[in-house]
Amino acid sequence: MEPHILILGAPGAGKGTQSDRIVSEFGVDHVTTGDALRGNKEMDISHLGLEYDTPGEYMDKGELVPDAVVNEIVETALEEADGYVLDGYPRNLEQAQTLSEMTDLDVVLYLDVDEDVLVDRLTGRRVCEECGATYHVEFSPPEQAGVCDECGGDLYQREDDTEETARERIRVYEENTAPVVEFYDEEGQLVRVDGEGSPDEVWADVSDAVETNA
Ligand code: ADP
Ligand code: ADP
Ligand code: ZN
């Protein structure tokens, strides 16, 4: 059976970057709630009677989209996946509880990155609108500014990658998601990786951890 991998870390820690490499190397699916929600920002969730009527309104403020919406996305995606790297979920203890009822995990990775590094990574991030490849204007620039090396698509900046929203997302992470990291640590499942080296250095530790544990 293909490995079940969970990758945890603050916004900008490098989860998407390392997940792409895990997909290429280990042949699993990338299940990412952020991408799934960005593809459904205008979805009508008014029947749930929550604060806002679309996921996009939560996302553009840096708040968490309600569990009822996110849990369903993850359940469907995991049912369809033959091995996965799960990125962006769980983001609070309720989601971690829900996940434990849906699936078993082989390895739980945590990318450890300091807060001031995170803001620089988030505000400089650029994403390909065609293929989703991720760049950084300073730390991993494309060969030609604004153009994807992989497919020639245009690069754009996410609406929530402004400094103000990035800081709010980090605050929301500390409040809601840091306890999830602690939870897996207490279960003895957490593999902590220093996320502050270059992408290649981080990958060396990530691939080792997957090979050892999965
Ligand atoms: P996350 O999915 O955790 O939010 P990303 O993988 O999108 O993080 O990375 C956030 C930004 O930081 C991107 O612009 C990416 O190119 C850059 N980045 C990722 N890993 C590193 C690294 N090890 N060193 C420097 N920059 C990185
Ligand atoms: P990051 O770069 O912060 O890792 P993501 O792409 O994972 O960003 O998430 C972007 C936004 O999507 C979050 O700020 C939040 O609004 C929403 N989101 C993603 N995953 C979840 C989740 N598991 N629960 C609630 N909201 C989520
Ligand atoms: Zn591209």
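Among the residues of segment 28-38, those identified as closer than 19 Å to GLY195 by Cβ and either open to solvent by 30 Å² or more (accessible area, probe 1.4 Å) or among the small types (Gly, Ala, Ser) (or both) are HIS30, GLY34. Taking every residue in segment 145-170 that is at positive phi and more than 9 Å from ligand 2 (Cβ to nearest atom) and pairing it with any residue that is part of a strand (DSSP E or B) and modelled with pLDDT of 95 or more, at least 6 positions away or on another chain, the pairs with Cβ-Cβ distances below 6 Å are GLY146/LEU155. Within segment 84-93, the presence of at least one residue that is among the small types (Gly, Ala, Ser) and crowded, with 20+ Cβ neighbours inside 10 Å is confirmed.
Residues in segment 116-132 that are within 20 Å of TYR89 (Cα to Cα) and more than 9 Å from ligand 1 (Cβ to nearest atom): GLY132 alone. Inspection of segment 48-68 identifies no residue that is more than 10 Å from ligand 2 (Cβ to nearest atom), small (Gly, Ala, Ser) and under 15 Å from the mean Cα position of the chain (by Cα). If you go through segment 114-140 and pick out every residue that is touching a strand residue (DSSP E or B) at 6+ places or on another chain (Cβ under 7 Å), farther than 20 Å from ARG167 by Cα and charged (D, E, K, R), you end up with 1. For segment 186-211, filtered to residues that are touching a residue at least 12 places away in the same chain (Cβ under 8 Å) and open to solvent by 70 Å² or more (accessible area, probe 1.4 Å), the residue that is farthest from ligand 1 (Cβ to nearest atom) is ARG192. Each residue in segment 24-38 was checked for being more than 25 Å from VAL70 (Cβ to Cβ), of a type outside the set (S, T, N, Q) and assigned to a helix (DSSP H, G or I), and 1 pass. When residues in segment 18-27 are screened for being surrounded by 22 or more Cβ atoms within 10 Å (Cβ to Cβ) and in contact with a helix residue (DSSP H, G or I) (Cβ under 9 Å, 6 or more places away or on another chain), 2 of them pass.
The values are calculated or read from the model by the stated rules, or taken from the named source; none is laboratory data. Just so it is clear, the structure is predicted and the values come from calculations on it, not from any experiment. Don't worry about glycine lacking a Cβ; one is built from the backbone with ideal geometry, like all the others, and counts go over all protein chains shown. What goes into the accessible areas is simple: the full protein's heavy atoms, side chains included, and nothing from ligands, DNA or RNA. Shrake-Rupley method; radii C 1.70, N 1.55, O 1.52, S 1.80 Å.
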